[in-house]
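No value in this document is a laboratory result; all are computed from the given coordinates. Note that the structure is predicted; figures quoted are calculated from it, not measured. No Cβ is skipped: glycine too gets one built from the backbone with ideal geometry, and neighbour counts run over all protein chains shown.
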Amino acid sequence: MYQLMKKFVTKVFRDIFSRKKHVKLGLYGPPNAGKTTLANRICKDWLGEEMGSVSNIAHETREIQIKEEINIKSNGKELTFNLVDTPGIATRIDYEDFMKSGMDEKEAKQRAKEATKGVIDSIKWLDEMDTVVVVLDGTKDPYSQVNITIIGNLQARNIPVLIVANKVDLRKSNTKKVQAAFPQYEVIGISAKYGKNIDEFYEGLFALVG
C-alpha cells in the first residue's frame with residue numbers, strides 16, 4: 001500500500017512539474033553540508049560557470065541565490081529548472097562561534113545577524129519550491145535536530161524530495177546511515193567537490209521529477 005501511494009504521489013508531482021514553465025528546484029540543508037558546492041557543480045556542468053563562493057566558515061551563503069533556466073540532459077531526457085541555493089538552516093546561531101573562526105566581535109555579530117535572516121528567508125522560500133534537494137553532510141549524525149526540522153517542514157508541505165549524502169570522498173561518510181534515518185526518501189551518496197556519483201544524482205532528479 002505504501003509503495004502504491006508513493007508511486008501515485010510521485011506521478012502527481014511529475015505531472016505538475018511537466019506543466020510548469022519555471023520550475024524552482026531548491027537546495028536545502030544545514031550549514032557547511034555542501035549546498036553551494038553542489039550548486040556550483042550543477043552550474044559548471046550545464047552553464048559553464050559557478051553560482052557562488054564557498055567557505056569552511058558556516059553560513060557563507062546568507063542570501064538566496066538563483067540561477068535561471070538550467071537545462072540538464074541524460075539518456076535522451078531533458079529537465080529545465082531554476083536552481084535556488086538557500087542559506088544553511090540552523091536551530092542555533094551564536095556570534096561567538098564566528099569569533100572562534102577568527103572574526104572580531106563586530107564582524108561576528110553582523111555575520112550572526114545575516115545568518116539568522118538567511119535561515120528565516122530559507123524557510124519562507126519553501127512555499128515557492130516545486131521540489132527540493134536536501135544536502136546533508138554524510139560524515140555527520142543524520143538524526144540532528146536541524147535535519148529533522150528541515151525534513152519535517154518539507155513533509156508538511158508535501159514537497160517532493162531527493163536527499164544527497166554529500167562528502168563520500170571522506171572516510172567517515174556513511175550514506176547507509178542517512179538512508180536509514182530517512183527511509184521515505186531516495187538517498188544518493190555523492191561528492192559535490194570532486195563530482196563522484198554526480199551522474200547518479202542527475203538520474204535521481206529525473207526519477208523524481210522527469
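Can you sort Tyr202, Tyr143 from fewest to most other Cβ atoms within 10 Å of each residue's own Cβ?
Ordered by Cβ neighbours within 10 Å, fewest first: Tyr143, Tyr202.
Could I have the simple spin-label model distance between Glu96 and Lys44, label points 7 Å from Cα toward Cβ, reported in nm to one decimal?
Rounded to a tenth, the inter-label distance reads 3.8 nm.
Residues with amide H under 5 Å of Thr139's amide H, sequence separation 5 or more or different chain, H placed in the peptide plane at 1.01 Å from N; which?
Hits under the 5 Å cutoff: Asn174.
Just in the range 118-210: which trypsin sites (Lys or Arg not before Pro) are loop by DSSP and have at most 15 other Cβ atoms within 10 Å?
Counting only loop positions with at most 15 other Cβ atoms within 10 Å, the trypsin sites (Lys or Arg not before Pro) in the range 118-210 are Arg157, Arg171, Lys172.
May I ask you to list the residues of the range 129-160 whose amide nitrogen lies under 19 Å from a point 7 Å from Cα along the Cα→beta-carbon direction of Lys172?
135-148, by backbone N distance to the label point.
Give me Val164, Val187, Val146 ranked fewest to most by other Cβ atoms within 10 Å of their Cβ, as a rough exposure proxy.
Val146, Val187, Val164
What is the extension gain from Asn75 to Phe206, computed as 0.36 nm multiplied by their sequence separation minus the C-alpha to C-alpha distance, in nm to one decimal?
46.1 nm
Report the FRET efficiency, 1/(1 + (r/R0)^6), for Asn153 and Glu107, where r is their Cβ-Cβ distance and R0 is 35 Å, rounded to 0.05.
Computed FRET efficiency for Asn153 and Glu107: 0.70.
Amide H of Lys196: which non-local residues (sequence gap of 5 or more, or other chain) have their own amide H closer than 5 Å, using H built in the peptide plane?
Ser191
Counting other beta carbons within 10 Å of each Cβ, put Asp97, Asp199 in order, fewest first.
Going from least to most buried by this count: Asp199, Asp97.
Could you derive backbone 3J(HN,Hα) for the range 108-118 from the dihedral phi with the Karplus parameters 6.51, -1.76 and 1.60 (θ = phi - 60°), listing whole Hz in sequence and x where the residue is Gly or Pro?
5, 5, 5, 4, 5, 5, 5, 5, 5, 4, x
By how many nm would the segment from Asp127 to Asn82 grow when fully extended, if each residue of separation counts as 0.36 nm and the alpha-carbon distance is taken off?
14.7 nm
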